[in-house]
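A short reminder: the numbers here are calculations on the coordinates, not readings from a lab. Please read these numbers as outputs of a predicted model, since none were measured by experiment. For neighbour counting, all protein chains shown are included, and Cβ atoms are generated from backbone atoms with ideal geometry for every residue, glycine included.
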Amino acid sequence: MTAAWTPVALARDLPRLCVMPVCVDGIELALWRSATGRLAAWADRCPHRGMRLSHGFVRGEALSCIYHGWSYGAEGNCLRIPAHPDLEPPEAIRVPVYHAAESGGVVWVATQATDAPPPVVEGAPLRSLTVERAVDWAAAGLSLSGPVARGDLSSIGVTILVQPLPQGRQALHVLAEAAPPAALKEVSRDLEGLRRQAEEALA
């Protein structure tokens, strides 16, 4: 693992022409995939009126704001302002762009420049889930090293990538070794149990 990259989603959960909100290092981002499969991670605010771009829509290789339809290209540059169709948007109208990459079925984001590639993690992507409080990994029989928890759930080896979120929350991106579907369902139930235990501690 490298501190430069943060796991933010499983690749299969972000199909082409979709956009979702994520948070990395306290920065709210719009994560999206273009028609050709290109990944992008941008600041989640339209430069026009501050509307969340994660509420917007993807057409081709551009992301458009849902509010007034301003459209932005691959580099975050404004391509089109529908209210002024003949205007060539100034270069100064741009969305801040961050680094996004896919590796091992996981989507990673880096908020700082890095020459290091995103990590490759063993296992097949299983699911992502969000918990409202940090998990007690030792109680779950798992070992946490940095942002990665490893061990067995229902006798299946798992790797859990831990993504910090604001207010003590965490997103868990889970990969599992090859197993029959029934066994993977048991792993998923165990994960729900982890979430319940963590959140019951808030009561």
- Shape of the stretch 20-81 from its Cα gyration tensor (a ≥ b ≥ c, root eigenvalues): rounded if a/c is under 1.5, otherwise prolate when a/b > b/c, or oblate? oblate
- Task: Provide TYR98, TYR72, TYR67 in ascending order of the number of other Cβ atoms located within 10 Å of each residue's Cβ, fewest first.
- Result: TYR67, TYR98, TYR72
- Message: With angles folded into 0 to 90 degrees, how steeply does helix 181-200 sit against the dominant principal axis of the chain? Use alpha carbons for both and round to 10.
- Response: 80
- Would you mind calculating the relative contact order of the chain from Cα pairs under 8 angstrom and at least 6 residues apart, reporting the percent as a whole number? 18
- Fewest Cβ neighbours within 10 Å first, please rank ILE27, ILE156 accordingly. ILE27, ILE156
- Rg (one decimal) and Dmax (whole number) from the Cα set of the chain, in Å, equal 18.8, 62
- Item | Difference of contour (0.36 nm per residue) and Cα-Cα distance, GLU61 to ALA201 | 46.0 nm
- Order by neighbour count: TRP5, TRP137, fewest other Cβ atoms within 10 Å first, most last. TRP137, TRP5
- Query: What distance in nm separates the simple spin-label points at GLN167 and CYS18, each placed 7 Å from Cα in the Cβ direction?
  - Reply: 2.5
- Message: Over the Cα atoms of the stretch 45-163, what radius of gyration and what Dmax do you get, in Å?
- Response: 19.9, 62
- Query: Taking the chain as a Gaussian network, where each spring joins two C-alpha atoms under 10 Å apart, which residue of ARG16, ARG189, ARG150 fluctuates the most?
  - Reply: ARG189
